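The values are calculated or read from the model by the stated rules, or taken from the named source; none is laboratory data. Bear in mind that the values here come from a model prediction, so they are computed numbers and not experimental data. Neighbour counts run over all protein chains shown; Cβ positions are idealised from the backbone, glycine included. Heavy atoms of the whole protein, side chains included, go into the accessibility calculation; ligands, DNA and RNA do not. Shrake-Rupley method; radii C 1.70, N 1.55, O 1.52, S 1.80 Å.
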Amino acid sequence: MDFSLPAICNAVANAYPDRECLVFRGRRFTWADTVDRARRLAVILAAEGLGIHGTLDTTSYASPHDQVALYLLNGNEYLEGMLGSYWARTAPVNINYRYVAEELSYVLRDSGAAAILYHGRYADTLREVLPDLPSLRLLLRVDDGSGDELLPGAVDYEAALVAADPDEARDDWSPDDLYILYTGGTTGYPKGVLWRQSDFLVGCTGLRRRDGSDFGSLDELVERAARGERLRTLPAPPLMHGAAHWNALSTWCSGGTVVMQDDVVRLDPADVLDTCEREQVTSLLIVGDAFARPLLDEQHRKPRDLSRLRFLITGGAILSAAAKAQFLEAVPDLQIIDVYGSSESGRQAVARSATGTDNGGAGFAREDTAVVLSADLDRVLSPGDDEVGWLAQGGRVPLGYLGDPDKSARTFPTVGGVRYSVPGDRARLRRDGTVEMLGRDSVTINSGGEKIFAEEVENALKHHRDVYDVLVVGRESARWGQEVVAVVQVRVGRNPADDDLSAAAASHVARYKLPKAYVRVPHIVRSPSGKPDYTWARGVATDGVSEATHAND
């Protein structure tokens, strides 16, 4: 059976109104509170005539909804903004709060945003682009204590909620209502990925029975949610990125509680761990070593009681074998769940690690609908086929990109009569049916006629105990076409030789993949979600050192 998010949350709230739904900075919102606030937001949007206009046309790459831009840091308002927008049958759109005015203008215009929910600290940047937004009809400002003045025509969010009557909210939602997720734009301008809500809930949040089948009714979901009171989830990355709000919404669909750390402007490992201890968090979402290393260092500096923590979920960037081992040592009953997926595919594969197990060389277990397609996108590969192909997702996949039929056709091809999502991840299907992930094709390095996958080399280098963080990129070379360069952040007080770094990596990758040069930096630049900034790393590799050759030649 297909569901919409408001229908699920409404059913859970009716069954468990007094259960905690959301905790942020000392404020505790019950399920009844959260649904009440979402309904009030829906009424505010409807009063401006915002909602759905017509029916969904799956071939037009258009949205029948008015879009609501969420220009916010993490907080209760972000998830209220999502749920309230869906309640009004509008479509919320995630906005990267790091954008400069030109980037912000592009996404707001591309999405046709009719309303913007924004934190006061972003008023100055938003003011610059307002004249370029012909579709805009409503501005809702969330007071974050920044001392800003309301923009012309803007309304205070809390005041508007108080004035709205929740009983006037509509309740005619459809599983076909859209979920729109804007990509990060690492390979071009950001694009809005169009999902039916029902497909998104299954493909991205994992809303299915343990045997992989669909739930049969809302009553069955409510019955499952009876156990959700024990689930307390902290998504540490920014909610503006898919993985974080997928994690939060998955928790809500299970009847659990979403907990947020106090400091949402930057990653404060002490704050995250203190919140986990204080709120007895059972599941923590991070993004690879960029989050893991600071958290491990802080836990070593000042141990917290993390005995309630059962699941560490990671995705979006490498979580090295060394970091996994350290987490399992620090929290003995922990299970680490490494999730592989993308905005265009949802969850495709999972690797699990726990105390007493060794997953160091194991591959990812595929979802039932995930396959590896041949390099020419001509066929589905069989286990043991040595060809490096494309990780692809069948079944419940997006409809395409908002307003872009050409890119939609390239990313969602039909192979053997089946429509797949092929976001650009290279992979090899092992004989046992697991998948060896090789990384994004966009950061593949072509050196001396060989394809070298950046993430594979990064993971190998992280076996050296002195490597704190690393990005691997290609740099132009007269001899190789491109040569492999590692941009490395070493641990404070350490200075390993280049040859020592290469020796540590050589046990895990072939020698032709080893860096020809190393550039040391005080800090690796990543997005707030922990994802690598390869554009920055290429600049460092090109401008930071001269042409060099090493023993790996």
Looking at Ala292, Ala351, can you tell me which residue is among the small types (Gly, Ala, Ser) and over 26 Å from Leu429 (Cβ atoms)?
Ala292
Being without any contact (Cβ under 8 Å) to a residue 40 or more places away in the chain, more than 16 Å from Leu295 (Cα to Cα) and of a type outside the set (Val, Ile, Thr) is the filter here; which residues of segment 333-354 pass it?
Asp333, Gln335, Asp338, Ala351, Arg352, Ser353, Ala354
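Can you say whether Val350 is modelled with pLDDT of 95 or more, out of contact with any helix residue (DSSP H, G or I) (no Cβ under 6 Å at 6 or more places or on another chain) and either open to solvent by less than 40 Å² (accessible area, probe 1.4 Å) or among the hydrophobic types (A, V, I, L, M, F, W, C) (or both), as far as the supplied structure shows? Spell out the reasoning first.
Numbers: modelled with pLDDT of 95 or more: no; out of contact with any helix residue (DSSP H, G or I) (no Cβ under 6 Å at 6 or more places or on another chain): yes; either open to solvent by less than 40 Å² (accessible area, probe 1.4 Å) or among the hydrophobic types (A, V, I, L, M, F, W, C) (or both): yes.
Here the answer is no, as Val350 does not meet what is asked.
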All but one of (1) charged (D, E, K, R); (2) closer than 26 Å to Ala244 by Cβ; (3) open to solvent by 30 Å² or more (accessible area, probe 1.4 Å) hold for Glu458; which doesn't?
(3)
Conditions (1) buried (at least 23 other Cβ atoms within 10 Å of the Cβ); (2) assigned to a loop (DSSP other than H, G, I, E, B); (3) hydrophobic (A, V, I, L, M, F, W, C); (4) touching a residue at least 60 places away in the same chain (Cβ under 8 Å); number of the one not met by Phe215:
(1)
Against the definition (open to solvent by 30 Å² or more (accessible area, probe 1.4 Å), among the basic types (Lys, Arg), over 16 Å from Gly448 (Cβ atoms) and modelled with pLDDT of 90 or more), how does Arg538 come out, yes or no?
yes
Given the residues Asp18, Asp57, which is the only one that is over 30 Å from Arg419 (Cβ atoms) and open to solvent by 20 Å² or more (accessible area, probe 1.4 Å)?
Asp18
Check segment 293-305 and report whether any residue there is in contact (Cβ under 8 Å) with a residue 40 or more places away in the chain and more than 20 Å from Gln393 (Cβ to Cβ).
yes
Specify which of the listed residues (Leu126, Leu136, Leu117) is surrounded by 23 or more Cβ atoms within 10 Å (Cβ to Cβ), touching a strand residue (DSSP E or B) at 6+ places or on another chain (Cβ under 8 Å) and outside any strand (DSSP E or B).
Leu126
Out of everything in segment 264-296 that is at pLDDT 95 or above and charged (D, E, K, R), what residue ends up being most open to solvent (accessible area, probe 1.4 Å)?
Arg278
In segment 491-526, how many residues are open to solvent by 30 Å² or more (accessible area, probe 1.4 Å), of a type outside the set (D, E, K, R) and within 27 Å of the chain's Cα centre (by Cα)?
3
Checking Phe200 against (1) over 17 Å from Trp31 (Cα atoms); (2) open to solvent by less than 40 Å² (accessible area, probe 1.4 Å); (3) touching a Ser or Thr at 6+ places or on another chain (Cβ under 9 Å); (4) modelled with pLDDT of 95 or more: exactly one of these is not met. Which one?
(3)
So, of the residues in segment 416-436 that are within 24 Å of Asp57 (Cβ to Cβ), open to solvent by less than 30 Å² (accessible area, probe 1.4 Å) and not hydroxyl-bearing (Ser, Thr, Tyr), which turns out to be modelled with the lowest pLDDT?
Pro423
Every listed condition ((1) surrounded by fewer than 24 Cβ atoms within 10 Å (Cβ to Cβ); (2) in contact with a strand residue (DSSP E or B) (Cβ under 6 Å, 6 or more places away or on another chain)) holds for Val93 save (1)
Please go through segment 419-457 and pick out each residue that is under 21 Å from Gly384 (Cβ atoms) and β-branched (Val, Ile, Thr).
Thr434, Val435
Considering only segment 157-191, state which residues are open to solvent by 40 Å² or more (accessible area, probe 1.4 Å) and within 19 Å of Gly75 (Cα to Cα).
Glu158, Ala159, Val162
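A quick yes/no check of all residues on (1) of a type in the set (A, V, I, L, M); (2) free of Cβ contacts under 8 Å to residues at least 60 places away in the same chain:
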site	(1), (2)
Pro6	no, no
Cys21	no, no
Arg25	no, no
Phe29	no, yes
Ala32	yes, yes
Asp36	no, no
Arg40	no, no
Val43	yes, no
